[in-house]
Amino acid sequence: MANRLPVDRITTPEGEPSFRTSPGGLVTALEPVMRAADGAWVGWTGSVDDHLEPFEHDGIHIIPVALSADDVELYYEGFSNDTLWPLYHDVIAPPAYHREWWERYVAVNRRFAERAAEIAAEDATVWVQDYQLQLVPRMLRQARPDLTIGFFNHIPFPAYGIFSQLPWRTQIVEGLLGADVIGFQRTADAGNFSRAVRRLLGYQAKGSVIDVPLDDSELASAKHRISAVRPNKPVRTVVARAFPISIDAESYEDLARRPDIQARAKEIREGLGNPDVVMLGVDRLDYTKGIGHRLKAFGELLADGAVDVEDVTLVQVASPSRERVRTYQRLRDEIELQVGRINGDYSTLSHTAISYLHHGYPREEMVALYLAADVMLVTALRDGMNLVAKEYVACRFDNDGVLVLSEFAGAADELKTALRVNPHDIEGLKEAMLTAMRMPRAERSRRMRAMRKRVTENDVERWSSEFLAALAAPSTSLALPAAN
Ligand code: F6P
């Protein structure tokens, strides 16, 4: 279950409305699991008031949940993307706290939970995805204590000093604790969550195991599952730990090896005037991505004369996102002003300093861009994982290309031979860009090989199978509290 369904609405050449599998990594990861287990995917189509009956798509049962215009405004744009998103990304933008948004978040989470409770088979496993649905695990457990429930948070979980701003912090933590396994991107995120549990609820949380006392109704319904009732009140054990998400690395490499895509990469470089160095940024247009910091550093390198526009080009793909949220509208204005200024100051008739593209592209085109880029810039100020970094690495079967990677992206825990940067340190970022541009082939190759090993071994199939194995493990069962 996820906020979005794994299908996109399309119109067929005959003008009929239809659906197409979404290109996202989550879909690729879960598709085989869902088919094997005869699973169903509960989610929103992305359109307002889409009241659809469940249907079958490519062997997956699709269970649509309808959202009204108000739901989209209050639950999705409001609480999910203007409260939780900035709060969980270390308040890079100020989160807004509105009781009306919260009430709708509760109501929509209840709708998702009710739908799952209706359709899940006896003793089934339900896997809830991401911050839009944090209340679902508890709601679902109350309705269906027979279910095994997993939750995966795709974005960071903030330190308690930040999380504690949230007026509904206790409800969120209690909502998540309805799950048997709660997955996070980084070990630090899991630690932040466990600390929030200890501070807010006083439950014992040791290592990755949290003891959640059973309430009276759970106790009554669970008695038959507890062998010895000792003086201690029994608890449910919940596992909270890191399961870093990945990509389907093989499918990216397969695309990168295709001659037509390699030809396209060459064409892209020619179109840019065959500069010595192509640098690339690929992001949703989001304030967490540090696009402005990257542009500032590049603009200063041009201003200092450290790089020449004839030799170096920056391609920045900024795909449109959450365009009705004011913070995103303001960000777009700021970035486009910055791009315009730098291009106005430094471009020539034959060379553009920054090729700025406010579009989303099909995966084939993205792979061609990755192949065309000598330097990939991932300068997020905070990011759960950042799959773009892993996609770039997966595509570089030639063991070439340099990844400049922010230490604030989850991917930095794994891609240790990337050129690591603190994007707030503009001087450091400029130096890293220069180092990347000038790096000898042997060093590029050594660093890329190590990163490729990691990305190909820890692919998304491994992520989903490890999560589901943890969910199936007996450690997530009823137990007596661990001794102090
Ligand atoms: O990873 C965070 C996330 O919000 C996902 O849940 C989502 O698929 C993606 O970013 C894009 O966001 P949105 O669904 O708001 O367009």
- Query: Do the alpha carbons of any pairs in Lys266/Lys289; Lys296/Lys430; Lys416/Lys453; Lys206/Lys416; Lys289/Lys390 sit beyond 18 Å of each other, and which pairs?
  - Reply: Lys266/Lys289; Lys206/Lys416
- Item | Rounded to 10°, Cα long-axis angle of helix 25-36 versus longest principal axis of the chain | 40 degrees
- What is the spin-label model distance, in nm, from Gln142 to Ser164 if the labels are put 7 Å beyond Cα along the C-beta direction? 2.7 nm
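Net charge around His61, counting only other residues with Cβ within less than 11 Å of its Cβ (Lys, Arg = +1; Asp, Glu = -1)?
Net local charge, His61 excluded: -2.
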- Item | Cα gyration tensor, region 26-85 - rounded (a/c under 1.5), prolate or oblate | oblate
- Message: Quick check on region 114-243: take the gyration tensor over C-alpha atoms, sort the square-rooted eigenvalues as a ≥ b ≥ c, and tell me if it's rounded (a/c under 1.5), prolate or oblate.
- Response: oblate
- Query: All other residues with a Cβ under 11 Å from the Cβ of Gly290 taken together, and with Lys, Arg as +1 and Asp, Glu as -1, what is their net charge?
  - Reply: +1
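Quick one: dipole size for region 250-385, taken about the Cα centre, charges +1 on Lys/Arg Cβ and -1 on Asp/Glu Cβ, in debye to the nearest 20.
That gives a dipole near 660 debye.
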- Note on the structure: Expected unfolding gain across Ala37-Glu100 under the 0.36 nm per residue rule, minus the alpha-carbon gap, is 18.8 nm
- Item | Helix-only CD estimate at 222 nm, as mean residue ellipticity for the chain, using -39500 (n - 2.57) per DSSP H run (n ≥ 4) | -12500 deg cm²/dmol
- What angle do you read, to the nearest 10 degrees and between 0 and 90, between the alpha-carbon axis of helix 291-304 and the longest principal axis of the chain? 20 degrees
- Query: Which parts of region 396-413 would a label at Arg446 reach, counting a residue when its backbone N lies under 19 Å from a point 7 Å out along Cα-to-Cβ?
  - Reply: 398-405
- Task: Could you state the angle between the C-alpha long axis of helix 441-457 and the longest principal axis of the C-alpha atoms of the chain, as a value from 0 to 90 degrees rounded to the nearest 10?
- Result: 20 degrees
- Taking the alpha-carbon centre of each part, the distance from region 55-97 to region 314-375 in Å is 25 Å
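Go through 101-112, 74-85 and give me the packing order, highest mean Cβ count within 10 Å leading.
Result, highest mean Cβ count within 10 Å first: 74-85, 101-112.
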- Counting DSSP beta bridges with both ends in the chain, the antiparallel % (nearest 5): 30 percent
- Task: Quick one: go through region 154-191 and flag any residue whose amide nitrogen is under 16 Å from the point 7 Å out along the Cα-to-Cβ line of Arg199.
- Result: 157-174, 188-191
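Could you order the peptides 266-277, 361-372, 146-157 from most to least packed, using the average number of other C-beta atoms within 10 Å per residue?
Values: 266-277: 14.2, 361-372: 19.3, 146-157: 21.9.
In descending order of packing, they fall as 146-157, 361-372, 266-277.
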- Item | Estimated FRET transfer efficiency when R0 is 56 angstrom, pair Asp123-Asp260 (beta carbons, to 0.05) | 0.70
- Message: Multiplying the sequence separation of Asp276 and Leu434 by 0.36 nm and subtracting their Cα-Cα distance, what value in nm do you get?
- Response: 55.6 nm
- Specify whether the C-alpha gyration tensor of the chain places it in the rounded, prolate or oblate class, a ≥ b ≥ c being the square roots of the eigenvalues: rounded for a/c under 1.5, otherwise prolate if a/b is larger than b/c and oblate if not. prolate
- To the nearest 0.05, the calculated FRET efficiency linking Ala306 and His359 through their beta-carbon distance, R0 being 30 Å, is 0.50
- Measure out, as a whole number of angstrom, how far apart the alpha-carbon centroids of region 1-50 and region 236-283 sit. 23 Å
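Laboratory data are not the source of any read-out in this text; all were calculated from the coordinates shown. Quick caveat: nothing in here was measured; it's all calculated off a predicted structure. Counting neighbours? That spans all protein chains shown, and the Cβs are built from the backbone with ideal geometry, glycine included.
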